[in-house]
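The values are calculated or read from the model by the stated rules, or taken from the named source; none is laboratory data. The model shown is predicted, which means the values in this text are computed figures rather than measured ones. Neighbour counts run over all protein chains shown; Cβ positions are idealised from the backbone, glycine included.
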There are 2 protein chains.
Amino acid sequence: MKAHHAAATMTDVAQAAGVSHQTVSRVLNNHPSVSSATRRAVLDAITSLDYRRNLAARALVTGSSHVIGILVSSTSQSGPVSNLLAMESVARARGYWASIAGLRDNDPQEVTDIISHFTDQGVDGIVAVAQTQATVEAMLAAHVNVPTVLLTAATVPAEISSADIDQASGARKALGHLRELGHVTIAHISGPETDLHAAARHGAWLASLPATADPEALMAVGDWSAMSGYRAACRLLAGSSGPTAIFAANDRMAYGALRALSEHGIRVPYEMSIVGFDDIEESTCSIPPLTTIRQDHTQLGSTAMQSLIDAMRGEPARCVKIDPDLIVRNSAGAPNH
Amino acid sequence: MKAHHAAATMTDVAQAAGVSHQTVSRVLNNHPSVSSATRRAVLDAITSLDYRRNLAARALVTGSSHVIGILVSSTSQSGPVSNLLAMESVARARGYWASIAGLRDNDPQEVTDIISHFTDQGVDGIVAVAQTQATVEAMLAAHVNVPTVLLTAATVPAEISSADIDQASGARKALGHLRELGHVTIAHISGPETDLHAAARHGAWLASLPATADPEALMAVGDWSAMSGYRAACRLLAGSSGPTAIFAANDRMAYGALRALSEHGIRVPYEMSIVGFDDIEESTCSIPPLTTIRQDHTQLGSTAMQSLIDAMRGEPARCVKIDPDLIVRNSAGAPNH
DNA sequence: GACCATCATGTTAACGCTCACAGCCATAAC
DNA sequence: GTTATGGCTGTGAGCGTTAACATGATGGTC
């Protein structure tokens, strides 16, 4: 990696091109009234001096940095991550850069600190992935003076943009599929209670339950991990609720359930059907391949960033819900065949 | 989200505290020679005015922004992501903030552009995840005037820090485990050829092969995805090389192989053993649970960021190799039992 | 030919901060 | 009583850019 000389400044370029520094600034900012001859001279000087504009100086005087702050939760889940990269990609394609901060714990103070830093840094917009109600509330309470998009299942004031994958719709598709196959007693392995997505999926399951069913006996709570799904499935199997199908709140827990069933000698889908949620890459090759609900996190991230940039350009706030798709593979079939 | 008033400046704080702006600056920068009475007065003024330092102005005059640039490749792989979050976490704990950019394609120009931007932004250090030789070379060719850490399997000049998980060691552990179990003919499902990690794992496998074995017949190339592992395993099974074990270059492809074997009625580990690489979360609950090599990406990220911050403080460059662990589960056993 | 609009360019003043330097007041040393 | 020393504080300049205004040239209109 080669060393730099002292960086050239706008005045250096101006001198080299025989114009004033302001003309250089105009060229850089695509101001219309610059003659093409001058523009060319400036551009030449810029390349020959290897000039690069000082972003700090620009940010100081304009009060904006062309940076977008992205707040994510530091989970190991793959979804939020595809999100992140998709957002960064769209942002960069539109001329913005991404500053990120991950939420280590669910401390509202941490949210406030991060937002403050983003503000200090002069970000032009903020995207926050808010998986819990606590995070949403911390965001709403924070002093934010730039456009903001919340990636959350929670309902937010109309003046704030939000985007999310429609959890209830996805859960209904999963449950509808099982019901069409003939299942009546469907168990549920849910995610952690404070998670808004877990709550939405759980809610849809509860709503779909026949009046006679006992929700308590048909449900086990996990923490999104495969092992927690395994344990949840074992608990469900030990009970006497006798479900013919399981709706797992995510694919990982569905794998755990798959393993538990395999170890109990219960064949999927013949003696038990399973549907997951997420469609992570591995689900193409679980045994059997998993019927699931595809959440397109890349699309979500792109859409969210589009909303943010549009909001930064003055458009009104939007609330986007992306409808997830049912992906039919082999883990769900007619009951007891 | 509440609206801000015009932000207070250092001069406002100085006025409120009855001191000069320079004294305020000193308090903010923890300069020793400020009397405690003055310090307290300034601090009070700061809180009462809700003053926040303008980072752009500070960066303009100091030439550094307390930001670290992180360059990652936009893969859907989970590893790089845990990395990213771990790095950000360490950086923030040490008072730095993270700016990220994802590599969309393997265009060297993109690397150069991103590094230029980081430089323009006045980052104090750069971390780059370089999965291919092309990326490494683009990084080495770039004009970088701040400390840099490369997360790569490639060897880099001594003046540049690097960090990685020791791929050869991991692969040797996997292969050694199979050999100890009694396997002689071990097939390999490799990752994409341009990937440095894939190459290292493949190299270790090649080196461990008996002289009589035919590498061509014992190997199939995948692209890290589960489906590619499935297809690779099918190809291997169709051939006549008769391996008793498969070393998959990552866990996802191992899942694909697991599915292929299951569909061919070949029982794992009784008729075929499989070892993966990564230890992703799902591997606890594959059928059977996967024996694999654990790569601790979180540790890697933390270590890399530590190296960078130490380098920024003037310490010499380091080259860290983290030794991955063999995780024994149930997918590998003695041959044909 | 006088006038006004328009384009192209230059001049000056911020933006909010840190750095280098200068000044002041104590206390200690002779 | 003078001089040195060191702790605390203030003054002024300047970082590189954009914004606002001023200026000079050009061209069309009456």
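No other residue among B:A204, B:A168, B:A158 is touching a helix residue (DSSP H, G or I) at 6+ places or on another chain (Cβ under 6 Å) and within 30 Å of B:I309 (Cα to Cα) apart from B:A168.
Please find, within segment A:50-88, the residue that is farthest from DNA strand C (Cβ to nearest atom) out of those that are among the β-branched types (V, I, T) and over 26 Å from A:Q109 (Cα atoms). Don't jump to the end; show me each part of the working.
Going residue by residue through segment A:50-88, those that are among the β-branched types (V, I, T) are A:61-62, A:67-68, A:70, A:72, A:75, A:81.
In the following step, the residues that additionally are over 26 Å from A:Q109 (Cα atoms) were identified as A:61-62.
Numbers: A:V61: 4, A:T62: 8 Å.
Here the answer is A:T62.
Residues in segment A:36-74 that are crowded, with 16+ Cβ neighbours inside 10 Å, of a type in the set (S, T, Y) and assigned to a helix (DSSP H, G or I): A:T38 alone.
Residues that are within 16 Å of DNA strand C (Cβ to nearest atom) and either more than 14 Å from chain A (Cβ to nearest Cβ) or loosely packed, with under 14 Cβ neighbours inside 10 Å (or both): does segment B:89-112 have at least one? Yes; the residues of segment B:89-112 include at least one that is within 16 Å of DNA strand C (Cβ to nearest atom) and either more than 14 Å from chain A (Cβ to nearest Cβ) or loosely packed, with under 14 Cβ neighbours inside 10 Å (or both). For segment B:199-211, the condition of being of a type in the set (D, E, K, R) and surrounded by 17 or more Cβ atoms within 10 Å (Cβ to Cβ) holds for at least one residue.
Within segment A:39-69, being of a type in the set (G, A, S) and more than 8 Å from DNA strand D (Cβ to nearest atom) holds for A:A41, A:A45, A:S48, A:A59, A:G63, A:S64, A:S65, A:G69. I'm checking my understanding of the structure. Among residues of segment B:122-152 that are farther than 25 Å from B:P192 by Cβ and at the interface with chain A (Cβ under 9 Å from one of its Cβ atoms), which one is surrounded by the fewest Cβ atoms within 10 Å (Cβ to Cβ)? By that ranking, first place goes to B:N145. Between B:T119, B:T38, B:T47, which is among the hydroxyl-bearing types (S, T, Y) and more than 16 Å from DNA strand C (Cβ to nearest atom)? B:T119 is the lone residue from the list that is among the hydroxyl-bearing types (S, T, Y) and more than 16 Å from DNA strand C (Cβ to nearest atom).
Go through segment A:218-245 residue by residue and tally those that are touching a residue at least 12 places away in the same chain (Cβ under 8 Å) and either within 14 Å of chain B (Cβ to nearest Cβ) or more than 19 Å from A:R179 (Cβ to Cβ) (or both).
Taking segment A:218-245 and keeping what is touching a residue at least 12 places away in the same chain (Cβ under 8 Å), we get A:218-237, A:239-245.
With either within 14 Å of chain B (Cβ to nearest Cβ) or more than 19 Å from A:R179 (Cβ to Cβ) (or both) added as a condition, the list becomes A:220-235, A:237, A:239-240.
Within segment A:218-245, residues that are touching a residue at least 12 places away in the same chain (Cβ under 8 Å) and either within 14 Å of chain B (Cβ to nearest Cβ) or more than 19 Å from A:R179 (Cβ to Cβ) (or both) number 19.
Just the residues that are within 13 Å of another protein chain (Cβ to nearest Cβ) and at pLDDT 95 or above, please, taken from segment B:281-294. Matches in segment B:281-294: B:E282, B:S283, B:T284, B:C285, B:S286, B:I287, B:P288, B:P289, B:L290. Do we have any residue at all in segment B:67-77 that's among the hydroxyl-bearing types (S, T, Y), modelled with pLDDT of 90 or more and at negative phi? Within segment B:67-77, not a single residue is among the hydroxyl-bearing types (S, T, Y), modelled with pLDDT of 90 or more and at negative phi. Taking the conditions (1) under 28 Å from A:T75 (Cβ atoms); (2) in contact with a Leu (Cβ under 8 Å, 6 or more places away or on another chain); (3) free of Cβ contacts under 8 Å to residues at least 60 places away in the same chain in turn, B:I115 satisfies each one other than (1).
For residues that are hydroxyl-bearing (S, T, Y) and in contact with a strand residue (DSSP E or B) (Cβ under 9 Å, 6 or more places away or on another chain), scanning just segment A:36-74, find the one that is nearest to the other protein chains (Cβ to nearest Cβ). Out of the qualifying residues, it is A:S74. Taken as a whole, the structure leaves A:V24 outside the set of residues that are in a helix (DSSP H, G or I) and either within 30 Å of A:S302 (Cβ to Cβ) or away from DNA strand C (no atom under 16 Å from the Cβ) (or both).
Among residues of segment B:23-38 being within 7 Å of DNA strand D (Cβ to nearest atom) and more than 42 Å from the chain's Cα centre (by Cα), the one that is farthest from B:R58 (Cα to Cα) is B:A37.
Across segment B:170-184, what is the total count of residues that are crowded, with 18+ Cβ neighbours inside 10 Å and touching a residue at least 40 places away in the same chain (Cβ under 8 Å)? I'd like the intermediate steps shown before the answer.
Just the residues of segment B:170-184 that are crowded, with 18+ Cβ neighbours inside 10 Å, to begin with: B:170-175, B:177-178, B:181, B:183.
When the remaining residues are screened for being touching a residue at least 40 places away in the same chain (Cβ under 8 Å), the result is B:170-171, B:173-175, B:177-178, B:181, B:183.
Of the residues in that region, 9 qualify.
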